[in-house]
Structures are given as structure tokens and as C-alpha cells.
Amino acid sequence: MNQTDYYTRKQVADLLGIAKVTVYHYAKQNKIRKVPDPHHAMREARYYKEEVDALVEQRKAEKVEGYSTSEVSKELAISQQKIYQLIEDNELMVHKVPYGDERIRYVIPEETLLWIKEEIERTAPTRGVRSEFYDSTLDITLYQLFTSTQRGETRVVRNADREWGFYSSSHTWIPYTVAIKQFMFTPVYPIHRPSLKASGYTDFILPKDNELSYVFLDFMYRKRGIENIRLREHEEHIALSVKSGPLQVKDSVPAALSVTIIQSFLEGGAGNILFEEDEWIFVSGYRKTSVDLPVSMLDTLHKFAKKEQTTTNELVEQAIQEFIQRRYNDSGRID
């Protein structure tokens, strides 16, 4: 037999994008045939070229447009398990494509991706969760200020692929590990403080096009620490929530941060700040109430809160907001 009439197992695996062991299973399932070798003259298994080529063409024809669950997971910063749950619970349109040994993978069309994106935004908690703005492995947080003798000051950001790093002055992307090793970037300030027991938050809206927004954020990172703030990035602003209570600020407030500027950040948020001489008192925009719940429901709430890295209060608030929005959207008014 001529060498051009067959493929080796490795060639088949490469052409089909599967593991070598899967090639063996394909032959067992009669998807392709193994070249007979009764005298064991061949050093490795071989498969008829025309059958493999036909299977490759079939796979190309079956290829559908869309996104894998891993791509959607990365873009929306949610788990693949959450994606599968949304698809199954809402019977969303997906393409089910055979993959490997009798397995199925989902290819998500554009319209389904848009639905999932809107649903994630609609059901997102009021405030950011820790994983949105903090990386515990690298111990860095979004917009944290770094400096380098070679490159000056810059801030930690995430690119379109949700990777951590920096943009240079020429808008060139520098991955975090490269920036640390090659340009010796170091943090300007620590970002950790003892966790406060206060349950309320004071909410701020920081416009991205205002340089003083980042000065205020730096100040909060230094004085409150990531243990006592929440942050969520939006297209045009940063939603910052700071645990309520007193904050000692004697001789530490940046000169650029006037009371007027800080009060402007409170507009659109919830809560207030009482400015004393050496102390600021963050006042929560929430009023404490009590709700009687079954013990089993409360236990479930605690479990979900731990899983989502949030609080039971925020889960209850989110559920009530969804209920109000649904009722209001259905009727156009509140009875």
C-alpha cells in the first residue's frame, strides 16, 4: 500500500482535533476503518485516507457559527456551570455538536449570548463582588496605582480577555507578570486593612473621565482597604461602595479632594458623609429592618451568599429588586 493511501493515528488525531485514544474509539465505532495488518508489519496503526478525509469534510460542514461556553465564561466573568444552568432553565437556543467519545459541546449563537449577557446584568447584585475587582493570587485590585523607575506611574486594569496588566503611554498592553519582571512595577500603597463589622455601605459614583475619581479611589484603598469596599466597573463610571462608619483622616486627605468634589461623587449613590475635623463618618443609605424567614430558607441564603462571595442582605435586596422590576414592568405602574 502506498503511503499516500493512509494516515497514522497521530495524523488522524491532528486532522480531526481529537486525542489519539479517541481515534481508536472512532475505529471501534466504524467511523473510520483501520488498515488490516495481519502480519504486524506496520510499526503503528494506520487508517484509510479517503475515510478520514471524508470525516474531516463532514466536520467542516457541521461547523456552526457561535461561541463556546469557555469563551462566554471568559467574556462575562461567570462560571461555565452558570451558563449551562441558564441554558437548561430557560430552554435557550444552542447548537449541540458531537465532540470526542460520544460527547456533546454547546455552541452558543449570537442571540443567545445577548440574552445571557442581559440576564447576568439584570440579576447582578447591587454592588460588585470581590472577584470582579480583586485577584487574590496576584494580590492586586482594579485601578490600583503602581510605579516604575522606567515607566512612571500606571494603574492595574483588565483587557478585553479579562487578563490583568497595564497599558503603557502608547496604549500597548503589558501583562502583569511581564510588567513586574521586566519593568519592575511596584504598588504605591498597601490595599489591606482590618475588616470592619459595619453592615451598611455608602455608595459613590466615580466618573471615569474625572482624574479625581482615581485620587479618591486611591485614598479609599489606603484607608479602608479592599476588605471594606466593593467596586463594580461600568462603561462610563466606577460604582464604589464603602463600609459605613468613622474613618480617621487627620493630615492624610489629598489636597485635591475637597468636600465639594467628594459630595459630587455621592450624587446618584446612596448615603452620606459627615465631615469632622479629623474624622469622616460614612453614613449608610440603608435603613435596617427585620424579616422573619424559615430556618431552612435562611440556611440556604447563607450557602448562596458564601458561594457568591456576598451577604445575605444583598441577596434579599436583589430578590426584592427583581420582584419590583418584574411587577412594575408588567403593569407599567405600582398599584
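Readers should treat all values here as calculations from the given coordinates under stated rules, not as data from a laboratory. No experiment lies behind these values; they were computed from the predicted model shown. No Cβ is skipped: glycine too gets one built from the backbone with ideal geometry, and neighbour counts run over all protein chains shown.
Some values worked out for this structure:
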read-out	value
The stretch 89-213: antiparallel DSSP beta bridges as a percent of all, rounded to 5	100
Inverse of mean 1/r across different Cα pairs in the chain, Kirkwood, Å	24.7
Nearest-20 debye value, the stretch 145-187 charge dipole, Cβ charges on Lys, Arg, Asp, Glu	40
Helical mean residue ellipticity (222 nm; -39500 (n - 2.57) per DSSP H run of 4+; nearest 500) of the chain	-11500 deg cm²/dmol
Positive-end residue, the stretch 3-62 charge dipole about Cα centroid, Cβ charges, pick of Leu55, Tyr7, Ala45	Ala45
Label point distance in nm, Met93-Met42, each placed 7 Å from Cα along Cα→Cβ	4.4
Trypsin sites (Lys or Arg not before Pro) within the stretch 110-177: DSSP coil, no more than 15 neighbouring Cβ in 10 Å	Arg162
Added length on full extension, which subtracts the Cα-Cα distance from 0.36 nm per residue, Asp209 to Val188	5.4 nm
Rounded, prolate or oblate (a/c below 1.5 giving rounded, otherwise prolate when a/b exceeds b/c) for the stretch 121-187 by Cα gyration tensor	prolate
Approximate spin-label separation Glu65-Asp278, in nm, with each point projected 7 Å along Cα-to-Cβ	6.7
Highest-MSF residue in the chain out of Phe282, Phe204, Phe183 [GNM, Cα springs under 10 Å]	Phe183
Those lysines that a straight Cα-Cα span of less than 24 Å connects to Lys208, excepting residues fewer than 8 apart in one chain	Lys74, Lys117, Lys223, Lys243
